[in-house]
Amino acid sequence: MIYTGHATMRHVSHLQHPPAVTSRILEAVRAGFADLIFIYRHPLDSLLTNWIWWRTFIRDKRIIHGISQVYKDTDDLCADVERNYDEFAAFAAGGPEFFAAVPRPRFLSFPEFVEETELHLQSATLALRLEDFMIDPIKEFSKVVDVMSVDLDLSRLCVAPPKTKPYGYLAVKDKVPRFRDFINGLSADTKGRIERIGYSCSPLEK
C-alpha cells in the first residue's frame, strides 16, 4: 500500500500529521516494514510557495496547486512580495498575526521548516530533489521503482517534468531588496541546515 502526505518530526504544525504519528511511521521503516520516500526542493522556493498557498487559502478560502494560478509571471510575484513584505515576514516567522484565522497549531516557521527537512532526510529510505526531476524525470522516477522492487520496462516509460521552475527564489532575491535582506539575515544555524541538505543561499545553485 502507498500512503502520501505531510508529516512533522519535531514541531506540531497545522494540516500536518504530528510527530507522534511520524514516529510510528519511522518505527515501521526501521523494522523493514515500510520505505520512506522524501521529495524536497530548495527551502526558499518552498517558503515562497507555502506563503502563497496559505495566504490564498486564508484570504480566498481557495486551494491552489501552483504559483501560476495566482501570478501571471515572476514580475507579478515580485511586486506582490514587495507590496506585502510585512505579511510575508510574519508568515516566515510563524507569527500569530498571519495565522489569526487558522485553528491552532499554526504552520511551521521557516527555521522550523528547514529543520524538519533535515530531519526527514536523515530518516528517508530514498530522498529525491525536485530540481533533479526537472533535469531527468525518468532517472529520478526509476529510483522510486527500484525501492518498490517493481518490474517495470523503463524504456517505455514517459514521465513529464514538474511544471515549476527550479530556484525561482533567485529572481525574487534579485528584484526585491527586502527579500534579499531576509535571506542574508537568516541565522547561522538555518543557513547551516540549508547547506547540509545540499543547497545554499548564494546566487549560484547547482
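The values are calculated or read from the model by the stated rules, or taken from the named source; none is laboratory data. Everything numeric here is computed off the predicted structure, so don't read it as measured data. As a convention, Cβ positions derive from the backbone with ideal geometry for all residues, glycine included, and neighbour counts pool all protein chains shown.
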(request) Name the residue, out of ARG129, ARG196, ARG180, that is touching a strand residue (DSSP E or B) at 6+ places or on another chain (Cβ under 7 Å), modelled with pLDDT of 95 or more and charged (D, E, K, R). (result) ARG129
(message) Please go through (1) surrounded by 16 or more Cβ atoms within 10 Å (Cβ to Cβ); (2) aliphatic (A, V, I, L, M); (3) more than 17 Å from ALA89 (Cα to Cα) for ALA188 and return the number of the only condition it doesn't satisfy.
(response) (1)
(request) Residues being of a type in the set (S, T, N, Q) and either closer than 23 Å to VAL144 by Cα or exposed (fewer than 11 other Cβ atoms within 10 Å of the Cβ) (or both): count how many of those fall in the stretch 1-15. (result) 2
(request) Check GLY66 against each of (1) at pLDDT below 95; (2) more than 13 Å from the chain's Cα centre (by Cα) and name the one condition it does not meet. (result) (2)
(message) Looking at the stretch 21-35 only, could you name the residues that are under 21 Å from the mean Cα position of the chain (by Cα) and exposed (fewer than 15 other Cβ atoms within 10 Å of the Cβ)?
(response) VAL21, SER23
(message) Just to check your reading of the model, which residue among VAL144, VAL150 is modelled with pLDDT under 95, of a type in the set (Val, Ile, Thr), more than 30 Å from ARG83 (Cβ to Cβ) and exposed (fewer than 12 other Cβ atoms within 10 Å of the Cβ)?
(response) VAL150
(request) Please find, within the stretch 36-85, the residue that is surrounded by the fewest Cβ atoms within 10 Å (Cβ to Cβ) out of those that are outside any helix (DSSP H, G or I) and aliphatic (A, V, I, L, M). (result) ILE63
(request) Among the residues of the stretch 1-35, write down those that are small (Gly, Ala, Ser) and in a strand (DSSP E or B). (result) ALA7
(request) Test LYS163 against the stated conditions and say whether it is among the charged types (D, E, K, R) and either modelled with pLDDT of 95 or more or under 14 Å from LEU47 (Cα atoms) (or both). (result) no
(request) Look through the stretch 124-141, keep the residues that are closer than 21 Å to PRO43 by Cβ and aliphatic (A, V, I, L, M), and return whichever of them is farthest from the chain's Cα centre (by Cα). (result) ILE135
(message) Any residue in the stretch 161-183 that is without any contact (Cβ under 8 Å) to a residue 12 or more places away in the chain and more than 17 Å from SER68 (Cα to Cα) sitting within a Cβ distance under 7 Å of a residue that is of a type in the set (D, E, K, R) and surrounded by 14 or more Cβ atoms within 10 Å (Cβ to Cβ)? List the pairs, counting only those 6 or more apart or interchain.
(response) ARG180/LYS173
(message) For the stretch 86-109, give me the residue count where each residue is under 17 Å from the mean Cα position of the chain (by Cα) and assigned to a loop (DSSP other than H, G, I, E, B).
(response) 6
(message) Quick check on LEU157: is it at pLDDT 95 or above and in contact with a helix residue (DSSP H, G or I) (Cβ under 8 Å, 6 or more places away or on another chain)?
(response) no
